[in-house]
Amino acid sequence: SSNVQGVCPTGWHLPTDAEWCTMENTVEAGTDAACNVTEWRGTNTGGMLKQTGTSNWTTPNTGATNSSGFTALPGGHSWAGAFYNAGSNGYWWTAAESSATLAWFRHLYYDIAQVSRNNYSKAYGFSVRCVKD
């Protein structure tokens with residue numbers, strides 16, 4: 001299938017669930033080699049993705065090394081016009097649906113060093129990261 005550009009600028013696209021999985025397994029070998037585990041995965045995959053320190057993340061920002069250079073920030077999520085969990089959670093959509101109403105996303109939490117993979121209602125507002133074509 002072709003890349004989903006979505007909100008990304010020309011020459012960039014929303015990463016698929018498989019592209020997120022490849023990144024996670026590159027950052028920490030063995031995070032989820034089969035790319036089929038849901039919920040919390042890896043040992044410190046999330047920490048390797050998160051911005052270090054607590055200027056944006058709630059204390060303790062467990063495992064944060066940003067050794068991947070991804071610099072994940074805790075943007076929280078929106079629902080029905082309100083914002084929730086900014087500072088403690090980061091959520092990022094993938095371009096992959098799991099059903100007509102659900103899509104795959106990744107989740108990082110301030111006191112967990114792992115990364116979570118799950119699906120959720122497309123009605124929620126999560127962050128996105130664009131990948132260069």
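The values are calculated or read from the model by the stated rules, or taken from the named source; none is laboratory data. Treat the numbers as computed from the prediction; the structure is a model and nothing was measured. Here Cβ is always computed from backbone atoms with ideal geometry, including for glycine, and neighbour counts include all displayed protein chains. Surface accessibility is based on the protein's heavy atoms, side chains included, excluding ligands, DNA and RNA. Shrake-Rupley method; radii C 1.70, N 1.55, O 1.52, S 1.80 Å.
Before moving on, here are some points about what is shown:
- Zone residues, region 96-113, relative to L73, backbone N less than 11 Å from point 7 Å out along Cα-to-Cβ: none
- Accessible surface computed residue by residue for the chain, with neighbouring protein chains in place and a 1.4 Å probe, gives 50 Å² per residue.
- Translational diffusion coefficient (Stokes-Einstein; Kirkwood radius from C-alpha pairs) of region 1-119 at 37 °C, 0.692 mPa s, in µm²/s: 224
- Taking Cα centre as origin and charging only the Cβ of basic (Lys, Arg, +1) and acidic (Asp, Glu, -1) residues, the dipole magnitude of region 1-116 rounds to 240 debye.
- Computed over every Cα-Cα pair of region 1-56 and binned at 5 Å starting from 0, the pair-distance distribution P(r) comes out as 4, 17, 21, 18, 15, 19, 6, 1 percent.
- Per-residue extension of 0.36 nm, minus the Cα-Cα distance of R129 and C35, leaves a gain of 31.9 nm for this segment.
- Full-extension gain in nm, V7 to S88, via 0.36 nm per residue minus C-alpha separation: 26.7 nm
- Measuring nothing but protein heavy atoms, the accessible surface of the chain at 1.4 Å probe radius is 54 percent carbon and sulfur.
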